[in-house]
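In what follows, a single structure is set out as structure tokens and then discussed.
The values are calculated or read from the model by the stated rules, or taken from the named source; none is laboratory data. On a predicted model such as this, the values are computed, not experimentally measured, just so you know. Because the Cβ atoms are built from the backbone with ideal geometry, glycine has one as well, and the counts that use them run over all protein chains shown. For the accessible areas, the whole protein counts, side chains as well, though only heavy atoms, and no ligand, DNA or RNA atoms are used. Shrake-Rupley method; radii C 1.70, N 1.55, O 1.52, S 1.80 Å.
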Amino acid sequence: MISCTSNPKEAPGEPSTLSGLKRSHFQSSVNGDSTDLFVLKNTNGMEVTVTNYGGRIVSVMVPDKTGTLQDVVLGFDSIQGYTSVSNNLGATIGRYGNRIANGKIKVAGVEYQLPQNNYGHTLHGGPEGYDTKVFRAIQPDSQTVVLTYLSKDGEAGFPGNLNVKVTMNLTNDNAVDIQYEADTDKETVVNLTNHSYFNLSGDPNNTVLDHLLTIYADGYTPVDDTFMTTGKIDPVKGTSMDFTVATPIGQRIEDTTFVQLKNGKGYDHNWVLNAKGDVTQVAATVVSPVTGIQLDVYTSEPGLQVYTGNFLDGTMTGKKGIVYNKRSAICLESQKYPDSPNKPDWPSSYLKPGEKYTSRCIYKFSVNL
């Protein structure tokens, strides 16, 4: 259970961030740990805000085709917004992003049972994953925040004391460069990612169905009706999963005659990236035809989970009082493939003592004219 003290009152004359957020609304205490808001700015005037509660990106202000700054991620105006309802908006996800079948893993010959919080499976580390934890945070410069967390042996059923470090850097070429590191004192599994919900129109009253999506992947991992990967890798060619050329997200999303869109309630799948972990190659591109804002994703991971906000249902009211409805955002989560610990032929998510886990995801923004 998360307990959160009330926010201090807004200080008279307290400046807002470019996105309209007040730092005092994030200076609180969750389960006895202090929370805050960290503001990153680059030389182009772009701004990103991050809270150490859940290691979350709260706002991303980028210029559109007219030079007007737009906030392109979903989030809340205060810590209370994040703690009052279960959500993973903008969060650092761990210990294992995505799903683990039946919540079972075998590590060093020992079977572990994890919390089952999604159709009998473990999703995003269980109901008390890293999105509910307060990270230690330092801001070494105006463009960087460093978040650390000790995930203790047995937390959410996972073995090993895992030291986690997440460095978020706002570069001068308008990219949010996220670098993950971890080490453990006992063999374990780890798969960290970021769960930002993007709407490049700058207005989540709009859906993202008009956004043009390109995924540089010839294969994907199909799922059953519990959203669990089957263990197969299928080709995208000739299916509604083919985004090898720019295609509106909404063009085929309602085609439930294609069983994968029926099973996923839309797009909620892992694509097997052609880049194969080469962080210099683009993994995916999203463009809003309204604002011209373009997002290019680069990652050192082999997979990218693309989720189109199918379960946003109007029960969350976010920044500026905007209600978050179905398909008002797209998530692009770099990752090992779902359920990799139980699928030995897939890229390994195991980490042993003496090894270092590293992962990188870059969200780079520009204007598509």
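Return yes or no: is residue 193 open to solvent by 10 Å² or more (accessible area, probe 1.4 Å) and either within 30 Å of residue 152 (Cα to Cα) or of a type outside the set (A, V, I, L, M, F, W, C) (or both)? Reasoning before the result, please.
Working: open to solvent by 10 Å² or more (accessible area, probe 1.4 Å): no; either within 30 Å of residue 152 (Cα to Cα) or of a type outside the set (A, V, I, L, M, F, W, C) (or both): yes.
No, not satisfied.
Conditions tested, residue by residue: (1) at pLDDT 95 or above; (2) more than 30 Å from residue 78 (Cα to Cα); (3) touching a Leu at 6+ places or on another chain (Cβ under 9 Å); (4) aliphatic (A, V, I, L, M).
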{"position": "331", "(1), (2), (3), (4)": "yes, no, no, no"}
{"position": "336", "(1), (2), (3), (4)": "yes, yes, no, no"}
{"position": "341", "(1), (2), (3), (4)": "yes, yes, no, no"}
{"position": "351", "(1), (2), (3), (4)": "yes, yes, yes, yes"}
Filter the range 283-311 for residues that are open to solvent by 10 Å² or more (accessible area, probe 1.4 Å) and within 17 Å of residue 335 (Cβ to Cβ); which is nearest to the chain's Cα centre (by Cα)?
307
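With the condition being open to solvent by less than 20 Å² (accessible area, probe 1.4 Å) and not small (Gly, Ala, Ser), I'd like the strands (runs of 3 or more DSSP E) fully within the range 67-183 carrying at least 2 qualifying residues. Spell out how you get there, then give the answer.
Values: elements: 69-71, 91-93, 104-107, 110-113, 136-141, 144-151, 162-170.
The strands (runs of 3 or more DSSP E) meeting that bar are 91-93, 104-107, 144-151, 162-170.
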The range 225-243, residues that are out of contact with any Asp or Glu (no Cβ under 7 Å at 6 or more places or on another chain), surrounded by 14 or more Cβ atoms within 10 Å (Cβ to Cβ) and more than 16 Å from residue 308 (Cα to Cα):
231, 233, 234, 239
Hey, residue 256 hits all of (1) at negative phi; (2) modelled with pLDDT of 95 or more but one; which does it fall short on?
(2)
If you go through 122, 144, the only one that is free of Cβ contacts under 8 Å to residues at least 60 places away in the same chain, of a type in the set (Val, Ile, Thr) and within 25 Å of residue 81 (Cα to Cα) is 122
Taking the condition touching a strand residue (DSSP E or B) at 6+ places or on another chain (Cβ under 6 Å), free of Cβ contacts under 8 Å to residues at least 40 places away in the same chain, open to solvent by 10 Å² or more (accessible area, probe 1.4 Å) and among the small types (Gly, Ala, Ser), does residue 314 pass?
yes
Taking the stated definitions as given, is residue 49 open to solvent by less than 30 Å² (accessible area, probe 1.4 Å) and either without any contact (Cβ under 8 Å) to a residue 40 or more places away in the chain or closer than 17 Å to residue 316 by Cβ (or both)?
yes
Could you look through the range 347-366, keep only residues that are touching a residue at least 40 places away in the same chain (Cβ under 8 Å) and touching a helix residue (DSSP H, G or I) at 6+ places or on another chain (Cβ under 9 Å), and pick out the one that is surrounded by the most Cβ atoms within 10 Å (Cβ to Cβ)?
349
With 319, 343 as the choices, which residue is surrounded by fewer than 24 Cβ atoms within 10 Å (Cβ to Cβ) and farther than 24 Å from residue 58 by Cα?
343
Going through the range 90-132 one residue at a time, which ones are over 13 Å from the mean Cα position of the chain (by Cα) and aromatic (Phe, Trp, Tyr)?
112, 119
